[in-house]
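Since the structure comes first, as structure tokens, the remarks are kept for the end.
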Amino acid sequence: MDKLLIRGGRSLHGAIDISGAKNAALPEMCATLLTDEPVKLTNVPRLRDVATMRRLLENMGMTIETHGERGGMSFHALDPIHPEAPYELVKTMRASVLALGPLLARCGRARVSLPGGCAIGARPVEQHIKGLQAMGAIIDVEQGYMVARLPEGQSRLRGARITTDMITVTGTENFLMAASLAEGTTVLENAAQEPEITDLADMLIRMGARIQGHGTRRIVIEGVERLHGCEHAVVADRIECGTFLCAVAATGGDVVLRHGRRDHLDAVIDKLRDAGVDITEVPEGLRVHSSGPAWQHLKAQSFRTTEYPGFPTDMQAQFMALDAVSQGSSMVTETIFENRFMHVSELARLGANIQIDGKNAMVEGVGKLSGATVMATDLRASAGLVIAGLVAEGQTTIDRIYHLDRGYDQMEVKLRALGADIERVSE
Ligand code: EPU
């Protein structure tokens with residue numbers, strides 16, 4: 001298992017590229033199931049989750065090839081498609097549930113393993129099931145699998161009005177994909193508005209789908225009989241961009257994040273500016289400048305995670321690491337997932353002063369952290385630990401970084417290019 005060794009205390013300088021977004025690439029890979037024509041995606045990030053999704057789709061019979069350096073991947077889902085997502089793959093990546101909608105739309109049946117709980121919470125998928133049932137699917141849960149089919153004599157899902165009990169990102173994506181090939185019109189109320197939803201909708205429209213209102217809480221999809229091939233570039237990863245913004249804020253420095261987009265990160269950028277970080281839009285993307293380590297001059301910020309356009313839960317651990325080394329106290333409230341504070345005890349091993357009380361974490365800024373061995377527990381928690389390691393005195397060893405590799409494209413290579421003292425050690 002690989003580890004990261006970080007010797008903290010260096011500021012970050014230079015320019016790096018922000019990769020394509022994991023959480024856009026994964027649904028977009030699934031969307032290629034919706035046509036028997038070839039589809040090309042570019043700017044696909046090099047991630048473990050992308051490799052897992054590739055295996056899942058190849059397992060269904062799809063032909064997938066990679067092209068060149070720029071994250072090009074082509075997908076060809078010729079018949080017959082084997083509409084199954086087995087537990088062995090789903091258990092390593094919950095996003096596999098994104099295959100359910102497209103498989104039902106394409107094949108009229110699907111057998112997708114239930115994902116089960118994960119490190120950050122129970123994460124049930126009953127909304128996905130309810131929504132697809134509203135579109136006419138018959139779904140039974142058998143031996144840990146969602147077994148879905150269309151009623152006798154029916155070849156397509158039917159348009160429906162779907163109002164989910166809560167806002168769900170992958171749920172909205174499943175409905176968007178399924179509804180694109182359904183008979184009639186689907187209206188999604190309470191839809192997620194994340195930029196990844198908009199990017200998926202843009203791709204589906206390129207494939208011939210008729211979608212309106214993506215990026216708002218109400219999306220209307222008029223089903224079509226066929227979708228065709230297209231080429232689509234995956235949107236830049238706002239969470240990777242936000243993670244590097246927090247890293248530079250924590251260490252101090254001056255960095256250009258090429259392809260970074262302010263309009264996808266307003267809530268995080270507002271908090272960083274309030275803390276005292278200088279962030280500007282430049283032609284290449286975003287420039288972040290901070291005159292020294294956070295403990296010298298930044299003011300800790302309280303925040304509360306909510307759905308987009310609010311503060312993203314996927315940035316909570318990284319911003320908390322920054323708060324832990326800023327001046328003053330702050331309160332972090334996690335409203336999306338019930339168990340997303342696993343980084344707190346690891347941050348404490350580095351000297352952070354954080355108390356958890358239910359959904360709230362009280363963070364008392366400390367002058368310095370000191371390096372230690374810590375364990376990555378989930379993807380974004382790992383990124384928070386990397387930020388803490390970059391400012392801690394001495395050496396920090398982060399174990400189990402396969403979590404980080406699930407969602408960050410060569411993070412240590414990018415950090416090293418900016419001057420960080422960080423290396424990967426394989427055992
Ligand atoms: N929920 C239910 N029932 C459902 C669906 C969701 O109770 O049927 C609950 C969840 O348990 C959670 C809340 O609703 O408490 C929101 O969950 P959502 O469905 O929006 O999460 P998701 O679609 O499973 C995506 C991202 C996550 C990100 C969340 C929230 C992908 C592949 N994953 O998950 O990304 O945290 O939205 O923004 O897009 C990550 O990248 O590290 C990550 C965890």
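Every number in this text was worked out from the coordinates using simple rules, so none of it is lab data. Predicted, not measured: the structure shown is a model, and the values here were computed from it. Here the Cβ is made from the backbone with ideal geometry for all residues, glycine too, and neighbour counts use every protein chain on show.
Loop-located GluC sites (Glu not before Pro) in segment 81-166 (DSSP state other than H, G, I, E, B) with a sparse environment of at most 15 neighbouring Cβ atoms within 10 Å: Glu152. Both numbers refer to the Cα atoms of the chain; Rg and Dmax are 21.6, 69 Å. Taking 0.36 nm per residue of separation and subtracting the current Cα-Cα distance, fully stretching the chain between Thr185 and Glu423 would add 80.5 nm. Of the trypsin sites (Lys or Arg not before Pro) found in segment 68-103, those in coil by DSSP whose Cβ has at most 16 other Cβ atoms within 10 Å are Arg70, Lys91. Within the chain, DSSP assigns beta bridges of which about 70% are antiparallel (rounded to the nearest 5). Taken as entire DSSP H runs, the helices of the chain that both span 15 Å or more between Cα atoms along their own long axis and average 1.0 or more on the Kyte-Doolittle scale are 238-251, 379-391.
Counting Lys +1, Arg +1, Asp -1, Glu -1, what net charge surrounds Arg226 among other residues with beta carbon under 10 Å of its beta carbon?
Summing Lys and Arg as +1 and Asp and Glu as -1 gives -3.
Helices in the chain, meaning DSSP H runs of at least 4 residues, each add -39500 (n - 2.57). Divided by all residues, the mean residue ellipticity at 222 nm is -9000 deg cm²/dmol. Of the residues Ala381, Met177, Ile16, the one whose Cα sits farthest towards the positive end of the charge dipole of the chain is Ala381 (charges of +1 on Lys and Arg Cβ, -1 on Asp and Glu Cβ, taken about the Cα centre).
Counted by Cβ distance under 15 Å from Leu114, the other residues give a net charge of 0, where Lys and Arg count +1 and Asp and Glu count -1.
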